[in-house]
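**Student:** Take a look at this one; I'll ask things after.
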Amino acid sequence: MFTGIVEELGQVVSRVDLPDAARLTVRGPLVTSDAHRGDSIAVNGVCLTVVESGHGTFTADVMRETLDRSALGGLGPGSPVNLERPVTLTARLGGHLVQGHVDGTGTVRDRTVSPHWQVVRIQLPDELARYLVAKGSVTVDGVSLTVVEVGDDGGGPWFTVSLIPETLRRTTLGVAAPGDPVNLEVDMVAKYVERLLAYRPQQERR
């Protein structure tokens, strides 16, 4: 479990493509300072398992399903990545509850620059649009953000988020350009509510 508060802006050191997976080595001195084999680290919002660590880097295997359903498939040497270790029971919950299970990918549509912040509009898949509401929570590339607006202008559903200078400096969202893919994880509470409302016991379906 994570909070969407990025601890470190890391960088992909190497990528080895396998028949049905890829092995990524990522530089992140902070998140690897106490990392051990089997630990979890979120990379751009995707929970990965550490298989090796040392000298400020860690290596993780990414299966084909994850490469196909997230933006990790486009990473290569030099790619910046948002890194976060799992939250502990004694830590403050600064963002919101994040599982590290990406629901889909979106695309940066445009950026509006203001003196003290930037507004980023992101296109998202139709099947995820129903989970977003203004002032609700969403995770974009592992960053916990508040939804500002939601809409659909005929080109598909979209939402906007406002990024403060700290977020622009410390995460990949500071350099994400129009057309770039981003990982999206919607608020898990919304998914559970939907499931509860739709569920009907077997005896009621007879």
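**Student:** Give Arg195, Arg121 a once-over and let me know the one that is of a type in the set (D, E, K, R) and modelled with pLDDT under 95.
**Tutor:** Arg195
Conditions (1) exposed (fewer than 15 other Cβ atoms within 10 Å of the Cβ); (2) out of contact with any His (no Cβ under 6 Å at 6 or more places or on another chain); (3) not β-branched (Val, Ile, Thr), marked per residue:
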residue	(1), (2), (3)
Asp34	yes, yes, yes
Leu48	no, yes, yes
Thr59	no, yes, no
Glu65	yes, yes, yes
Ser70	no, yes, yes
Ser79	no, yes, yes
Leu93	yes, yes, yes
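**Student:** Ok, one more. Which of the following residues is touching a Pro at 6+ places or on another chain (Cβ under 7 Å), over 21 Å from Met1 (Cβ atoms) and touching a residue at least 60 places away in the same chain (Cβ under 8 Å): Gly56, Gly74, Gly78?
**Tutor:** Exactly one of Gly56, Gly74, Gly78 is touching a Pro at 6+ places or on another chain (Cβ under 7 Å), over 21 Å from Met1 (Cβ atoms) and touching a residue at least 60 places away in the same chain (Cβ under 8 Å), namely Gly74.
**Student:** Right, next: For Val81, state whether it is under 13 Å from the mean Cα position of the chain (by Cα), assigned to a loop (DSSP other than H, G, I, E, B), within 29 Å of Thr160 (Cβ to Cβ) and of a type outside the set (Gly, Ala, Ser).
**Tutor:** no
**Student:** Answer yes if at least one residue in the range 187-197 is of a type in the set (Val, Ile, Thr), assigned to a strand (DSSP E or B) and surrounded by fewer than 16 Cβ atoms within 10 Å (Cβ to Cβ), and no otherwise. Break it down stepwise before answering.
**Tutor:** So the first thing to find is which residues in the range 187-197 are of a type in the set (Val, Ile, Thr), and the list is 189, 193.
Filter once more, keeping what is assigned to a strand (DSSP E or B): none.
So far as the range 187-197 goes, no, none of its residues is of a type in the set (Val, Ile, Thr), assigned to a strand (DSSP E or B) and surrounded by fewer than 16 Cβ atoms within 10 Å (Cβ to Cβ).
**Student:** Which residues, taken from the range 125-176, are over 23 Å from Pro86 (Cα atoms) and touching a residue at least 60 places away in the same chain (Cβ under 8 Å)?
**Tutor:** Residues satisfying the conditions are Arg130, Tyr131, Val175, Ala176.
**Student:** Kindly list, by first and then second residue, each pair from a residue in the range 1-27 that is acidic (Asp, Glu) to a residue that is surrounded by fewer than 20 Cβ atoms within 10 Å (Cβ to Cβ) and in a loop (DSSP other than H, G, I, E, B), limited to pairs with Cβ atoms under 8 Å and residues at least 6 apart or on different chains.
**Tutor:** As it stands, the answer is Glu7/Leu30; Glu8/Pro29; Glu8/Leu30, since those pairs meet every condition given.
**Student:** To continue, here is another question. May I ask you to say which residue of Leu18, Leu24 is surrounded by fewer than 17 Cβ atoms within 10 Å (Cβ to Cβ) and either assigned by TED's automatic domain parsing to the domain that holds Val51 or closer than 28 Å to Met188 by Cα (or both)? Before you say what the answer is, go through the steps one by one.
**Tutor:** Details: Leu24 fails: surrounded by fewer than 17 Cβ atoms within 10 Å (Cβ to Cβ).
When all the criteria are applied, what remains is Leu18.
**Student:** Can you confirm whether Val108 is under 22 Å from Leu72 (Cα atoms), surrounded by 13 or more Cβ atoms within 10 Å (Cβ to Cβ) and in contact with a Pro (Cβ under 7 Å, 6 or more places away or on another chain)?
**Tutor:** Considered against the rule, which asks whether it is under 22 Å from Leu72 (Cα atoms), surrounded by 13 or more Cβ atoms within 10 Å (Cβ to Cβ) and in contact with a Pro (Cβ under 7 Å, 6 or more places away or on another chain), Val108 comes out as yes.
**Student:** Next up: Identify, by number, the condition in (1) assigned to a strand (DSSP E or B); (2) β-branched (Val, Ile, Thr); (3) closer than 24 Å to Leu124 by Cβ that Ile41 doesn't meet.
**Tutor:** Among (1) assigned to a strand (DSSP E or B); (2) β-branched (Val, Ile, Thr); (3) closer than 24 Å to Leu124 by Cβ, Ile41 violates only (3).
**Student:** With Ala35, Ala42, Ala22 as the choices, which residue is hydrophobic (A, V, I, L, M, F, W, C) and over 24 Å from Leu97 (Cβ atoms)?
**Tutor:** Ala22
Conditions (1) surrounded by 13 or more Cβ atoms within 10 Å (Cβ to Cβ); (2) among the β-branched types (Val, Ile, Thr); (3) closer than 17 Å to Phe2 by Cα, marked per residue:
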| residue | (1), (2), (3) |
| --- | --- |
| Val143 | yes, yes, yes |
| Leu163 | yes, no, no |
| Thr171 | yes, yes, yes |
| Val175 | no, yes, no |
| Gly179 | no, no, no |
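The values are calculated or read from the model by the stated rules, or taken from the named source; none is laboratory data. For clarity, every value in this text was computed on a predicted model and none was experimentally measured. Using ideal geometry, Cβ is built from the backbone for each residue, glycine included, and neighbour counts are taken over all protein chains shown.
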